[in-house]
1. Please list the non-local residues whose amide H lies under 5 Å from the amide H of B:Glu269, H modeled 1.01 Å from N, same-chain partners needing a gap of 5 or more.
2. Considering chain A as a Gaussian network with a 10 Å cut-off on Cα pairs, which listed residue, A:Ile345, A:Ile71, A:Ile281, attains the greatest mean-square fluctuation?
3. Full extension from B:Glu151 to B:Ala63: what is 0.36 nm times the residue separation minus their Cα-Cα distance, to one decimal in nm?
4. Mind checking which of A:Phe102, A:Phe206, A:Phe24 has the largest fluctuation in a GNM of chain A, springs on alpha carbons under 10 Å?
5. Zone of B:Arg139 (label point 7 Å along Cα→Cβ, backbone N under 15 Å): which residues in region B:244-258?
6. Find out how many positive minus negative residues lie around A:Arg225, taking Lys and Arg as positive, Asp and Glu as negative, among other residues whose Cβ is under 10 Å from that of A:Arg225.
7. Collect residues whose amide H, placed 1.01 Å from N in the peptide plane, falls under 5 Å from the amide H of B:Arg170; neighbours closer than 5 in sequence don't count.
8. List, in order, the whole-Hz ³J(HN,Hα) value for each residue of region B:195-208 obtained from phi through the Karplus relation with A = 6.51, B = -1.76, C = 1.60 and θ = phi - 60°; use x for Gly and Pro.
Amino acid sequence: MSRISLWVDWTRRIFLAVASVSLFIFALMLVKNGAAPMAPFIRNKLSVDSPASALGFGWLGAMLALSGSPIAAAALSLQEAGVLSVEETYGMIAGTRLGASFIVLLIGLIYMRRGKSRHLSLGVGLLSLLVTQTTYILVIPLGAGLLTLFSRGGNNAQASIKGIEKTSSVINMLLDPVINIISTYLPEGIILIVGMVCIVFSLRLFDKVIPELDLQRTQLSLLHRLLFRPWVAILIGMAITTLTMSVSVSLALLVPLSVRGYIRRENAIPYVMGANITTFIDTLAAASLIGSAGGLLAVGSQMLATFITALLILLFFRHYERFIERLLELTGENKFTLGVYISLIFLVPFLLIWLG
Amino acid sequence: MNQPINPIHILFYIDPSQASLSAAAFLRLFTFPPGSHCTLLGVTHTGQANARLTSQFDRITAALSDEFILHKEIAGGDPFAVITRYAQKQQFDLVALGDPPGTYGSPFYPWFLHSQQLSERLASSPVKPLLISRATKPRLNNILFGSSGEEPARRTLEIGAKLLSNTGARVFILHVMSQLAFENSRFSDDLYYNAEAAIKSSSREGVHLSKAIEILTQAGIKSQAVPRLRHGLVLDEMMAEIKEQQIDLLVIGSHHQPGQRRLLSLMLEDVTHDLVSEVQCSVLVI
């Protein structure tokens, strides 16, 4: 690429980055303003009034939105609007991870019905879902414990976020007049929906900012042929997802590295574990931008819990690998067990909302 | 290490245990070329032979004297350091030792609580080819070559075949395909193939298996090598194959291959060490 076209490309990316971040912040403020008056509806009618029900709500939301990031961002706005407590925000963000990869299952099912693949267990999508769901059995309680611990940090936690609050007060000063104008013309429900749509759009816009990574020339091209050490694959997953901020995009980046579009199971499992840690970078950034101390605590606890869980799993990695392999076989090869699994994916969040 | 032509020179580590006697009986099954040498190496704290080691030397000498021209060495210190020093000082075509039962197998407890046995330490060192005998009864009916499908596998096949060419054992060549498809649109029949189908369709794995059989044949393996292709986790599938085919000897490549960059060695899983730690059969690491 010539120097001029390189400059043009980077200028375009910077412009897109600024535009997407600005739109993202604006969208978060819209959701916050739209959600506040809807608190009784969300808490009473939708029964999102506890961490467990918020978990179910985030889970369902991510499945419907086919992505976890917009729902996680919305959770921050709801927390800032006073609709959700910090613990409920944590629950909702955790729920988005459980429902985020549902899209791959859906696509896999469509292919199975069309006869284009015999076994869903041979795809990375189902594996990614199972790895996330099994690690979260430990992540959720661990993160909740960390959140309690950090919340008791009290004044120290608050003091350390003062700088971020200054930034958010500047942002509020700039955006409040615009949002006030919108609020006079649109009902709160519509503002909430528009805000959600803007979040989704801004995240899509940000995807275009990510430079094309020439991974072919790196050792990553060996992921489909050779076995990497689990801790190496975790680090790779973390590093790539720091840039992409999405587990599915991180996995998609690896596709061109293999002519046949394959990856070894032993590499995919820790890669997804690593990706699950840094996939929250965008949510963390969002919490910083809107000056949400509670949001920062919730997301930070989640990331730390996911990281600690990955370290713990590394101690027994061979056993965990075998466990996932058995789950994969059980779930993906038999239409009946697959049906049971999909039913559970839908049933459990509803149960959490109803019973939570 | 020399590629063995004939005759060969073996360094055989001896301790007073039954494992060393079993290893000697196992070595006899290899039918090495006439005129081959075997250095019996015993290691003690003091560097002097004790009664147990002396009688072990006598027993093993009686077992191997008609197969090899024997030499005896006693050294003091850590067995791993001594073996490594000897292997570096002199060109041996094979280093052999016996592994006592109970020192290998798949533990539940985490890897960092597992103390490394001599065989595991040697498997991760440059001492190669390395024969780890775990044969409680001397038997060499079935040999399994494990192959990654990569270029270093060629060297493993060639050297392994030359060492085992006169055994008359049944030979299997196994490749484990643990790949998954990234996208459902990428599913291809090669994810389901057995060895015969892979060879017939000339898939990547099929071509590799065909070439491996050719290499084994050219290197001197007389029996027709049986290609095997399994799908699943590499370690588990290899262990399942060993159990299914009642394998007496597993032949695998070393983690550290000549010319391999250090960074790559650090990044890649040491499958050889994992297998040496877990399998119940004897292992030949090339």
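Derivation of every value follows stated rules applied to the coordinates shown; laboratory data play no part. Note that the structure is predicted; figures quoted are calculated from it, not measured. So basically every Cβ, Gly included, is an ideal-geometry build from the backbone, and we count neighbours across all protein chains shown.
1. A:Leu227, A:Phe228, A:Arg229
2. A:Ile345
3. This chain segment gains 27.8 nm when fully extended.
4. Ranking A:Phe102, A:Phe206, A:Phe24 by mean-square fluctuation puts A:Phe206 first.
5. Answer for region B:244-258: B:244-250.
6. Taking every Cβ under 10 Å from that of A:Arg225, the sum is +1.
7. Here the answer is B:Asn142, B:Ile143, since their amide H atoms fall under 5 Å of that of B:Arg170.
8. 4, 5, 5, 5, 5, 5, 8, 6, 5, 4, 5, x, 5, 4
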